[in-house]
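The values are calculated or read from the model by the stated rules, or taken from the named source; none is laboratory data. Given the structure is predicted, the values throughout are model-derived calculations rather than measurements. Ideal geometry is used to build each Cβ from the backbone, glycine not excepted, and the neighbour counts take in all protein chains shown.
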């Protein structure tokens, strides 16, 4: 899950000031964690403690306000008993990385990703985005090569993954939907040469940069195994101690990044 968090932090300053290049400071002035990181940490905590996803998201979201939550999610957050609101937004995919690392079969990953999504994002596209992201992480960490990942995700979810970042970049704009974010983030990983290049490609699309890089970063961590220590250290230094503790406990249980 460090990969997802690094992507979020690196992309945070480009969400509303997009870039269309891979040449930028990885952790520029003002880089910070957003709702992507808050809710990824909440997902990991729910898995570690065996608790309800909705309760974890409300707990973390209320304790870390002002981190870029969407309007509908923000209203849900403040309600004690609101149910899902049929969202197809990319929030379900941005927070799901821990599921892909913690569960040990494709069926279990798909089921759990659906559970994590449906407490808010119960639209078919919202569930699909979370499942595709989590399954890509699972396939990457269990030895799937890029063509296997491309084939499995495209075949199961109907995403067009036969495009390149160079083809997508010129016309890509800010898009908060799963269907307009998850395929592009997966392609950033598929086109990449290493972990850092994945993050740079995702941000270079010039869209919802923190979420694109968060989704791509989780897959890249699972596939490349190694995250440069300078990137991991920079990211951890920007996190509350609570999040650092969750990351360490999660890695202790489900395997450290190498």
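Numbers below:
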read-out	value
Qualifying residue in segment 208-222 (condition: in contact (Cβ under 8 Å) with a residue 12 or more places away in the chain, crowded, with 16+ Cβ neighbours inside 10 Å and out of contact with any helix residue (DSSP H, G or I) (no Cβ under 7 Å at 6 or more places or on another chain))	yes
Hits in segment 47-69 (condition: closer than 24 Å to residue 176 by Cα and in a helix (DSSP H, G or I))	53, 54, 55, 56, 57, 58, 59, 60, 61, 62, 63
Residue 238 vs. criteria modelled with pLDDT of 95 or more and more than 25 Å from residue 73 (Cβ to Cβ)	no
Verdict on residue 56 being without any contact (Cβ under 8 Å) to a residue 24 or more places away in the chain, within 18 Å of the chain's Cα centre (by Cα) and surrounded by fewer than 24 Cβ atoms within 10 Å (Cβ to Cβ)	yes
Some residue of segment 203-219 being part of a helix (DSSP H, G or I) and more than 17 Å from residue 40 (Cα to Cα)	yes
Residue satisfying all of: in segment 150-184; within 20 Å of residue 98 (Cβ to Cβ) and in contact (Cβ under 8 Å) with a residue 60 or more places away in the chain; surrounded by the fewest Cβ atoms within 10 Å (Cβ to Cβ) among these	181
